[in-house]
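Undergrad: Have a look at this one before I ask anything.
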Amino acid sequence: MGSKITVESIMGMKGKKKIVAVTAYDYTTARICDRAGVDIILVGDSAAMVMLGYKSTTPISMEEMLVFCKAVSRAREHAMVVADMPFMSYQISMEDALYNACRFIKEGNADAVKVEGGREFKHVVEAIVDAGIPVMGHIGLKPQTAPLWHGYKVQGKVVDDASRLIEDAVAIEEAGAFSIVLEQVTYEVAEMISSRLSIPTIGIGSGSSCDGQVLVLHDMLGLYEYSPRFVKRYADLSSIIAEALTRYRDDVLNARFPGEEHTFHMDAKEYERLKATSIAMDAMRSERKNQEQKGGGERGEESINK
């Protein structure tokens, strides 16, 4: 599979090799992703929805994100781990932004952080990069705030919107980001941004002209009840898991599980000794109980006589 993927590796793929990225939030899944040969495992704030059951990505906290990040980082050997900066972890102050980015590196053992936003967060990206932490940008649809404004709409459908997206992309590159996610951006705008920037673009619902692609694992594997139009489902694990659980339930109810092949046994001689010991212990308990009952009766008679 080769050596560990680094920032330099990702930047070197621009125009040469497509970048493969996927989300993961736990050790077991991240291990599978790493062994499958993905380049980037994104510990996405999408965990808010697919792991914690929130209606959007907005509510998830730094502490929750760090738990997921630590688990993923323990699993990877090859892939680069990028951690999503959750809502309010960098919007309040520069001190918060730097502190939280550093926590992902120091505590979460991530390789980089992802910052959602365009020109308005150029100074945040610059500060984090100046602190020595690689940053992946994220423009287009911004899930952290989309529900507060116009919803989950395709970006770049008209000239003014497209121009703004291009300016955002240029600003994030100038800030020092090593790559940038384009979410739900029209093909034409994504192609223009990808050709204009020297850093890789990673698309999610933004067409094939991007330098790489990222998908939410639960969407592509059919584990989440809703998936966007741009997602290709590579499996329907929900149905497979439900079928397996139904079979397990039926086996337990009908005493088919556990079978002999799942059962451990004592040595025959040890079992005979255990039975003899058990008989002796039962006899001792019975004798003790009889004595206690007899003693209780005698005390009762003495009380009545008094």
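All of the numbers you see were taken from the coordinates with simple rules; none came from a lab. Remember, predicted model here, so these are calculated numbers, not experimental data. Ideal geometry is used to build each Cβ from the backbone, glycine not excepted, and the neighbour counts take in all protein chains shown.
Undergrad: Taking 1 over the mean of 1/r across every pair of different Cα atoms in segment 126-176, what Kirkwood radius in Å do you get? Don't jump to the answer; show the numbers that get you there.
TA: Values: mean 1/r = 0.0808 Å⁻¹.
For segment 126-176, the Kirkwood estimate is 12.4 Å.
Undergrad: Additional query: Can you tell me the orientation of helix 62-75 relative to the chain, as the angle in degrees between its alpha-carbon axis and the longest Cα principal axis, to the nearest 10?
TA: For helix 62-75, the angle is close to 80 degrees.
Undergrad: Quick check for you: which residues of segment 58-76 have the amide N under 14 Å from the point 7 Å beyond the Cα of L148 toward its beta carbon?
TA: Correct set: 58-60.
Undergrad: State, to one decimal in nm, how far the label point of E292 lies from the label point of A280, with both points 7 Å from Cα in the Cβ direction.
TA: Calculated label separation equals 2.2 nm.
Undergrad: Per DSSP helix of 4 or more residues, -39500 (n - 2.57); summed, then divided by the residues of the chain. What does that give at 222 nm, rounded to the nearest 500? Show your work: numbers first, answer last.
TA: Numbers: 11 runs with 141 residues, N = 306.
Only helices count here, giving -14500 deg cm²/dmol.
Undergrad: Answer with a single label: of (1) 260; (2) 221; (3) 162, which was calculated as volume of the Cα convex hull per residue in Å³ from the structure in view?
TA: Checked against the structure: label (1).
Undergrad: Name the residue farthest towards the positive end of the dipole of the chain from the options A97, C210, A280, assuming +1 on Cβ of Lys and Arg, -1 on Cβ of Asp and Glu, about the Cα centre.
TA: A280
Undergrad: Between E261, E120, E77, find the one with the highest GNM mean-square fluctuation for the chain; connect C-alpha pairs within less than 10 Å.
TA: So, out of E261, E120, E77, the one fluctuating most is E261.
Undergrad: A follow-up question, please. Beyond 22 Å between alpha-carbons counts as too far, so tell me which of K4/K142; K17/K122; K55/K153; K17/K106; K4/K114 fall in that bin. Show your work: numbers first, answer last.
TA: Numbers: K4/K142 29 Å; K17/K122 28 Å; K55/K153 17 Å; K17/K106 30 Å; K4/K114 19 Å.
Too far apart for the 22 Å limit: K4/K142; K17/K122; K17/K106.
Undergrad: Along the charge dipole of segment 7-233, Cβ charges K/R +1 and D/E -1, which of S179, V20, F121 sits furthest on the positive end?
TA: The residue sitting farthest along the positive end of the dipole is V20.
Undergrad: What per residue convex hull volume, in Å³, comes out for segment 3-101 when only alpha-carbon positions are used? Can you show the working numbers first?
TA: Details: hull volume 11.4 nm³, N = 99.
Residue-normalised Cα hull volume stands at 115 Å³.
Undergrad: Note down the magnitude of the dipole of the chain about its Cα centre, charges +1 on Lys and Arg C-beta and -1 on Asp and Glu C-beta and zero elsewhere, to the nearest 20 debye. Working shown, then result.
TA: Working: 36 positive and 44 negative charges, 100 e Å.
My answer is approximately 480 debye.
Undergrad: For the chain, set up a Gaussian network in which alpha carbons nearer than 10 Å are linked by springs, and say which option among M136, M80, M94 fluctuates the most.
TA: Largest GNM mean-square fluctuation: M94.
Undergrad: While we're looking at this one, here's another question. GNM, the chain, Cα, under 10 Å: largest mean-square fluctuation among I172, I41, I240?
TA: In this elastic network of the chain, the residue with the biggest mean-square fluctuation among I172, I41, I240 is I240.
Undergrad: Taking the 0 to 90 degree range and rounding to the nearest ten, how far is the long axis of helix 94-106 tilted relative to the main principal axis of the chain, both from C-alpha atoms?
TA: Helix 94-106 and the main axis of the chain meet at about 60 degrees.
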